[in-house]
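K.L.:
Sharing a structure below in structure tokens format, with a few things to ask.
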Amino acid sequence: MEERQTSVFENGLIWFGAGVSLAEILTGTYFASLGFSKGILAILIGHLIGCCMLFLAGLIGGKMRKSSMETVKMSFGQKGSLLFSFLNILQLVGWTAIMIYDGALAANSVWSIGEWFWCLLIGGLIILWILIGIKSLGKVNTVAMAALFGLTVVLCYVIFGKGNMEGIVSEGMSFGAAVELSVAMPLSWLPLISDYTREAKHPVKATAVSAITYGVVSCWMYIIGMGAAIFTGESDIAQIMLKAGLGIVGLLIIVFSTVTTTFLDAYSAGVSSESVIPKIDGKWFAVGTTVIGTIGAILFPITNITDFLYLIGSVFAPMIAILITDFFILKRDSSTCAVKISNMIVWIIGFVVYRMLMQVDIVVGSTLPDMIITGGICIGVSRIPVCAIE
């Protein structure tokens, strides 16, 4: 992928685009059953946890000037990291398909031309974003983000300025489950953020701005979804926008928010591919990811992403806990190893613990306890020889 140095402002724009997402708004609709006040509290607590982890993950890549999957080698070794690169590529292809499908479904509800048409249009725009490239995308992103900001402000005004927030449903998910669903979205970006902070001119500032910008905007999207569901009684984002009187404006929000968010997934799939096959051209792999995602969106519709989010959390929460522990606490680098068996075993334990914690209603969700437990185990076995396989 192209080499570049990005400014703090450019990093902020990238993560503003990541936050303005149809998936974020859709996920926010699930919080309506908690009521407005408890829903906002769950959203804020979850994002505080998730974005702190996002900052630490991005800071490692920014300081070491390495992509996300390159930093994973520091804890799992050259060959051990390939597992996570492969899993990351799979989840990014999955995200690309899910986002394109959700965008097409919503867009078609506003203007019924055919879901396949909207899939092709959104996929084509994502490929255009990839071909323009990060280095040249600054000006385009500035215009796109300014337009999206204006459109979402209009959406907020219609929902919260004119809406009736009465009649909130009192039954639904528990508070702990809601917090975990709030953590899950920023957690899904953990395997990506260093792909964008690694070339920042000011790594610490850029990472902080990235995490804060994403956190604020993501909370905003969740609250829009929750408020819109309470106001309209709908969980279908397209119907919410139609009931709110947003026709063409809603359509623009749907299409361009899908493009700016899904672009990051496809681009990072290309970056991760370079960790698996160094000679591969990441840009064209990203284009291929978008093509596969577009075909998948047309052929295999996915309507519920909660299980997908939890699966991502169970894979990458213990992984990043080990990386953070190694880098910030133990201050060790195992990138010269082939496979670091001790950390692989700790990761498996962390994965199992996460799945077990999901069966327990914990007020702060499953991610934070799992990461603390995994990090503690990592410290406890730190005296095991670094290279189990040379």
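K.L.:
Angle check, please: helix 8-19 long axis (alpha carbons) against the longest principal axis of the chain (alpha carbons), in degrees 0 to 90, nearest 10.
P.N.:
Result, in degrees: 60.
K.L.:
Rank the residues 51, 156 as a footprinting-exposure proxy: fewest other Cβ atoms within 10 Å of their Cβ go first.
P.N.:
156, 51
K.L.:
As I understand it, the value is the acute angle between the Cα axis of helix 306-324 and the longest principal axis of the Cα atoms of the chain; what does it come to in degrees, rounded to 10?
P.N.:
Compared with the principal axis, the helix lies near 30 degrees.
K.L.:
Which order results if 34, 330 are arranged by neighbouring Cβ count within 10 Å, fewest first?
P.N.:
In order of increasing Cβ crowding within 10 Å: 330, 34.
K.L.:
Moving on. Enumerate the residues in the range 352-373 having an amide nitrogen under 18 Å from the point lying 7 Å beyond the Cα of residue 174 toward its Cβ.
P.N.:
Within reach of a label on residue 174: 353-371.
K.L.:
Then there's this: Post the alpha-carbon centroid distance, the range 269-284 to the range 25-50, in whole angstrom.
P.N.:
Using only Cα atoms to place each centre, the spacing works out to 36 Å.
K.L.:
Something else now. Once you charge only the Cβ atoms, +1 for Lys and Arg and -1 for Asp and Glu, what is the size of the charge dipole of the chain about its Cα centre, to the nearest 20 debye?
P.N.:
Roughly 1020 debye for the chain.
K.L.:
Quick one: 271, 143, 339, fewest Cβ neighbours within 10 Å first, how do they rank?
P.N.:
Starting with the residue having the fewest Cβ neighbours, the order is 143, 339, 271.
K.L.:
Say the cut-off is 28 Å between C-alpha atoms; which of 283/340; 38/63; 73/201; 79/331; 279/331 go over it?
P.N.:
283/340; 38/63; 279/331, as the Cα separations exceed 28 Å there.
K.L.:
While we're here: Can you check what the net charge comes to around residue 43, using other residues whose Cβ is under 13 Å from the Cβ of residue 43 (Lys, Arg +1; Asp, Glu -1)?
P.N.:
Here the count lands on -1.
K.L.:
A further question on this structure: Comparing 227, 19, 35, which has the greatest mean-square fluctuation in the GNM of the chain with Cα pairs linked when under 10 Å apart?
P.N.:
Result: 35 has the largest fluctuation of those listed.
K.L.:
Here's another thing I want to ask about it. I want to verify a result. In a Gaussian network model of the chain, Cα cutoff 10 Å, which of these has the top mean-square fluctuation: 190, 242, 26?
P.N.:
For the chain, modelled as a Gaussian network with Cα springs under 10 Å, the answer is 242.
K.L.:
Continuing with this model, one more query. May I ask for the angle, rounded to the nearest 10°, between helix 36-64 and the longest principal axis of the chain, with both axes built from Cα atoms and the value confined to 0 to 90°?
P.N.:
Long axis of 36-64 versus the principal axis of the chain: about 40 degrees.
Every number here is computed from the coordinates shown, using simple stated rules; none is lab data. Because the structure is a prediction, the values reported are computed rather than measured. Here the Cβ is made from the backbone with ideal geometry for all residues, glycine too, and neighbour counts use every protein chain on show.
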